[in-house]
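J.: Quick one: this structure, given as structure tokens, is what I'll be asking you about.
Readers should treat all values here as calculations from the given coordinates under stated rules, not as data from a laboratory. Because the structure is predicted, anything quoted here is derived from the model rather than measured. Note that each Cβ is placed from the backbone with ideal geometry, even for glycine, and that neighbours are counted across all protein chains shown.
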Amino acid sequence: MRRTDRLFEIIQSFKGGQLVLGKQLAARFGVSLRTIYRDIDTLVASGIPIRGERGVGYLLDSPIFLPPLALDKGELAALHLGMEMVARIADDAFGHSAERLLAKLGAGLDGAEPLRNLSIYINSSVSAPENLLAVRQAIENRHELEITYLSLEDKTTKRKIRPLHIEFWGKLWTCTAWCLKREGFRVFRIDRIGTCVKTGVFEPEAGKTYADYLLTIRKNRALNSRQVKDA
């Protein structure tokens, strides 16, 4: 693989906001870890907003936009199936967006073999929680929220949070947020959020972003791993 192609694929690896490890990239592209470090340094020097450190992992700080790509039949089919799932389990706004995208993809999927042999069935108990759209919009617009939250012990508390990221776990939707009451990261089940009111706008702060949360998780895992080895 040419280096320019590898650099492009490395950028693609950061989509979705996930933490990416250097050793994972090295294994994927069949190059040394030192080569990946040089590639990351090159991308950062060219203006790509990658943040992180060697041995911990890397994240893309903000989205970047690449030129349109031509998709083959398999890629179109995979996108189609993904949008079917979104339409069934996400909030109404996302669902309508997924349906519009499905309509746009329809012409390109004529005769796509993968779709003939694969069906998706969603458990009827899986549905979008009431406040999913409100939390999602708060993340997009950087709105602080004042919420009431029912804990697993059935205790209701009031929290003021900065929602950062939404996760779907197959049955449940959660929101990772910076909790102003606890002065730390917390993960809330969205189906247990009661009232949900916008209280203001916040700006990202160092140490309080979703990227910081993922880096903290990674560092804690590395520390625990070292403690186990030293025990």
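J.: Treat each spin label as a single point 7 Å out from the Cα along the C-beta direction, and report the Glu99 to Tyr121 distance in nm.
T.: About 2.4 nm separates the two model spin labels.
J.: Cut-off under 19 Å on the C-alpha distance; same-chain residues fewer than 8 positions from Lys181 excluded. Which lysines are left, in chain and number order?
T.: Lys155, Lys158, Lys160, Lys198, Lys208
J.: Let me ask something else. With θ set to phi - 60° and the Karplus curve 6.51 cos²θ - 1.76 cosθ + 1.60, what are the ³J(HN,Hα) couplings of the stretch 167-180 in order, to the nearest whole Hz, using x for Gly and Pro?
T.: 10, 10, 10, x, 10, 10, 9, 10, 10, 8, 9, 8, 8, 6
J.: Express in whole angstrom the spacing between the alpha-carbon centres of the stretch 1-22 and the stretch 182-222.
T.: A separation of 26 Å, based on Cα centres.
J.: Can you order the peptides 190-201, 159-170 by their average number of other Cβ atoms within 10 Å per residue, highest first?
T.: 159-170, 190-201
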